[in-house]
Structures are given as C-alpha cells and as structure tokens.
1. So which of Ser117, Ser108 is open to solvent by 30 Å² or more (accessible area, probe 1.4 Å) and among the polar types (S, T, N, Q)?
2. With Gly249, Gly209 as the choices, which residue is free of Cβ contacts under 8 Å to residues at least 40 places away in the same chain, touching a helix residue (DSSP H, G or I) at 6+ places or on another chain (Cβ under 8 Å) and surrounded by 21 or more Cβ atoms within 10 Å (Cβ to Cβ)?
3. Kindly indicate whether Ala201 is open to solvent by 20 Å² or more (accessible area, probe 1.4 Å), farther than 14 Å from Ala79 by Cα and either aliphatic (A, V, I, L, M) or outside any loop (DSSP other than H, G, I, E, B) (or both).
4. Within the range 36-61, which residues are small (Gly, Ala, Ser) and at pLDDT below 85?
5. Looking at (1) out of contact with any Phe, Trp or Tyr (no Cβ under 9 Å at 6 or more places or on another chain); (2) touching a residue at least 12 places away in the same chain (Cβ under 8 Å); (3) part of a helix (DSSP H, G or I); (4) open to solvent by 20 Å² or more (accessible area, probe 1.4 Å), which is the only condition Lys215 fails?
6. Which condition number in (1) within 20 Å of the chain's Cα centre (by Cα); (2) under 29 Å from Leu43 (Cβ atoms); (3) open to solvent by less than 40 Å² (accessible area, probe 1.4 Å); (4) of a type in the set (Val, Ile, Thr) is the one that Ile180 fails?
7. Inspect the range 180-191 for any residue being touching a residue at least 40 places away in the same chain (Cβ under 8 Å) and assigned to a loop (DSSP other than H, G, I, E, B) and give the result as yes or no.
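The values are calculated or read from the model by the stated rules, or taken from the named source; none is laboratory data. Just so we're clear, the structure is a prediction, and the values are computed from it rather than from any experiment. Here Cβ is always computed from backbone atoms with ideal geometry, including for glycine, and neighbour counts include all displayed protein chains. Accessible surface areas use protein heavy atoms only, side chains included; no ligands, DNA or RNA. Shrake-Rupley method; radii C 1.70, N 1.55, O 1.52, S 1.80 Å.
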Amino acid sequence: MADSRASTPALIWSQIRYENRLFWRSPVAAFFTILFPLMFLFLFSLIFGGEDIDLGPRGSFTVAQFFAPTLGAFAAASATYTNLGIAGAIARDEGILKRFLGTPLPRSLYIVGKVGSAIWIAAIAITLMMAVGHFVFGVPVYAARLPAALITFIIGTLAFSALGLLVAALAPSGDSAPAITNATILPMAFVSEVFIVTADAPAWLQRVGDVLPLKHFARAFQDAFNPAVSGSAFSWGRWGILLAWGVVGAALALKFFSWDPKEGREGAKGRRGRSSEIGAE
C-alpha cells in the first residue's frame, strides 16, 4: 500500500500558503508592511526630489537612489521581524501554538512555514519598492550586482526572522508585542540611515547604528544599486554581522520559545480574527 503522507516540501509549501492567506486577511498588516515604506519613498522624492545626497567616499545619490534600497530593506525587515514577533506572541497567548501540538504537522515545519511566508512577503515588498524606484524614479539596476542584492536579502531576512521569533518568545503578552517591535525597529531605522542621513549625527549615535543589524542590511542592499560602487558589491563584513545577529537571535529564541501560553494569558482572545485555525490546510 502506497504511503499517502505528504512530503516535507509539500507540507512546508502548504503551510507557507496558509500563512500567506492569513497575512492578506489583515489589511492593517499589509498596509504597514507593503505600502507604508513605499509611501515614504514618494514623500521623500516629492519633498527632496531636486537635491542630491553627497556622502563623500560613498558617492553622490539622488533621493530615490538613496532611499529606495534602504526603504526596501526596512520593508523586508518589517515583514519578518515585526510580523513574526507579533503573530507568534498572539498565537501563543490564544493557545493556538499549544493546540497546534496536537496536529500531525511537526512543529519545526510549522516554524519553517511561518518564516517562509514572512520571507515571501518581504520579497514582494522589496521587489515592489525597487520596481517603483527603477521605473518611476530612475534608480539604476546593475545585472552584475543582483547576486549581491539577492544574498543580502536572504541573509537579512533570515536574521530578522530569527529576531522576530525571539521577540515572540520574550514578549510578556501578545498585547505587548506590537509595542516591543515598534519601539525597537523604528528607532533602529532612524540610526541606521533608513529615514534620514546620519552623516552629521554625533559619533556615538553612528556607532550605535554600526552595531545594529538594520544598518548593515540597508547599506549592503544599497551598495548593490549604488553607481559609485564598482565590482560585485559583495559585502562580506556586513553579511557576517547580519549572520551573527541571526545566529544569536535563533539560539536565544530556541532557548526561550514556549508553545504554551504564559501564566495568566491562556485563552486570551480578540486581538486578531486570523488565528482561529491551527496548522496547515
């Protein structure tokens, strides 16, 4: 008798599709992940469109050349870090994760499905950003540097996925997860040259940005579209820092992640209508 169980890739694909459908049922999440960074690109281009941004050795950028890649990286970070952090904490509070343990789908594949879905949404967000940047604002695209852009995207989204799972593990409740993610990613964006140029900022503030992962994600992705950068634009140092953040985030998430609601939080309901189902289709 033939084994009728689905293969591991089929289970992962099914879970990714399921998580994607859940995401698109939340218009607020879709707006802040996909359209919110794009809105800033249009605003910055309208307000500062006639000005060039001269960063000395790093070259001179048009407004769109500077902001399209950095806002694309921010959108990808938000799609992974923010969404996994919030959705994971809420699912734990509502007992979804605990009930999921009773389903046939291995828990590791459930996590892979959630991360895969978040990375897929990040790919949509960053592709849309660069398509608008290229076709509307003339941001150059160099075929020889697309491998560098792709590698940066993969490493960056994996790192922020690990950090998002860490937020889900450490957040005291699902209610607190949105505050934690926003209170961390937005200040990080400001010191990482996503929304503003920090060349004239105090040195200590620039050092803070140098430590955080978003600056390395944004800068490495920006280099792939920077006319002043020659060669392949491979950013080994920045990729190494992102990998270090990802490894540490994954290790801590693995240590502290709980499938059971935290004390006093079991049965919490009403935050999102999306989580009434468990597991794959």
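1. Numbers: Ser117 fails: open to solvent by 30 Å² or more (accessible area, probe 1.4 Å).
On inspection, the qualifying residue turns out to be Ser108.
2. Values: Gly249 fails: free of Cβ contacts under 8 Å to residues at least 40 places away in the same chain.
Criteria check complete, one pass: Gly209.
3. Working: open to solvent by 20 Å² or more (accessible area, probe 1.4 Å): yes; farther than 14 Å from Ala79 by Cα: yes; either aliphatic (A, V, I, L, M) or outside any loop (DSSP other than H, G, I, E, B) (or both): yes.
The answer is yes for Ala201.
4. Here is the first cut: in the range 36-61, the ones small (Gly, Ala, Ser) are 45, 49-50, 56, 59-60.
Correct list: Gly49, Gly50, Gly56, Gly59, Ser60.
5. Condition (4) is where Lys215 drops out.
6. Of the numbered conditions (1) within 20 Å of the chain's Cα centre (by Cα); (2) under 29 Å from Leu43 (Cβ atoms); (3) open to solvent by less than 40 Å² (accessible area, probe 1.4 Å); (4) of a type in the set (Val, Ile, Thr), the odd one out for Ile180 is (3).
7. Scanning the range 180-191 turns up no residue that is touching a residue at least 40 places away in the same chain (Cβ under 8 Å) and assigned to a loop (DSSP other than H, G, I, E, B).
Yes or no, residue by residue, for (1) in contact with a strand residue (DSSP E or B) (Cβ under 8 Å, 6 or more places away or on another chain); (2) under 28 Å from Tyr110 (Cβ atoms):
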position: Ala10; (1), (2): no, yes
position: Gln15; (1), (2): no, yes
position: Phe31; (1), (2): no, yes
position: Leu35; (1), (2): no, no
position: Phe44; (1), (2): no, no
position: Phe61; (1), (2): yes, no
position: Phe66; (1), (2): yes, no
